[in-house]
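The values are calculated or read from the model by the stated rules, or taken from the named source; none is laboratory data. None of these values were measured; they are calculated from a predicted model. Note that we place each Cβ from the backbone using ideal geometry, even for glycine, and neighbour counts take in every protein chain shown. Only protein heavy atoms, including side chains, enter the accessible area calculation; ligands, DNA and RNA are left aside. Shrake-Rupley method; radii C 1.70, N 1.55, O 1.52, S 1.80 Å.
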Amino acid sequence: MGIVLMTLSFYLTLENPDILRAELTEQKMSMLYLKSQVNPHFLYNCFANIRNLCKMGDLESVELMTGKLSKLFLYVTRTSESIVSLQEEFENMLDYVSVQQVRFGDRVKVECKPLTAEYYNLKIPKLCLQPIVENAYKYVFSNIESGGVLKIDYRQVEDVFEIVIEDNGA
């Protein structure tokens, strides 16, 4: 039945390619959203780190990591809205960075330009920044002993607002 409905929807949108593009974009965003909601490897690493921090008696880091992890899950689950303010998305990304900084410590230096109030209410797709940062930690920083750099910057060029996330990996 799902295939029939998808086929019918596809045929109906052939008459209007803009609707088809919008539907495909929405489906793609939904898939990214679902994928980013549950990352067992990330959770496993967080819980393993929290356990090790407890063993070492580093309660301050445990508090920071569990607090940020709680905020991450609240952000993902609190609303089904697919478009959020840049401030919300930026804060979620920074919560993720905070969790990773507890894990990676001095191995990764984070340089982040603070978001200014004039951009707080810009609209952006939910969960589009954190997966980019996650990829840097997962593919660039996971095997380094030191020297990792993550830069998060933004700028407005005429009527275009750009968010730049860079790492110093290959």
Flagged in region 145-170 as open to solvent by 40 Å² or more (accessible area, probe 1.4 Å) and either hydroxyl-bearing (Ser, Thr, Tyr) or assigned to a loop (DSSP other than H, G, I, E, B) (or both), in numbering order, are Glu145, Ser146, Gly147, Glu158, Asp159, Asn168, Ala170
Scan region 127-147 for residues that are touching a helix residue (DSSP H, G or I) at 6+ places or on another chain (Cβ under 9 Å) and either charged (D, E, K, R) or farther than 30 Å from Thr77 by Cβ (or both) and jot them down.
Glu134, Lys138, Ile144, Glu145, Ser146, Gly147
Going by what's in this entry, would Ile124 be described as in contact with a helix residue (DSSP H, G or I) (Cβ under 7 Å, 6 or more places away or on another chain), over 23 Å from Leu64 (Cα atoms) and not in a strand (DSSP E or B)?
no
Is there any pair with a first residue in region 130-142 that is open to solvent by less than 10 Å² (accessible area, probe 1.4 Å) and a second that is among the basic types (Lys, Arg) whose Cβ atoms are under 8 Å apart and which are 6 or more apart or on different chains, and what are they?
Phe141/Arg107
Mind counting the residues in region 76-124 that are among the hydrophobic types (A, V, I, L, M, F, W, C), open to solvent by 50 Å² or more (accessible area, probe 1.4 Å) and either within 30 Å of Glu145 (Cβ to Cβ) or touching a residue at least 40 places away in the same chain (Cβ under 8 Å) (or both)?
2
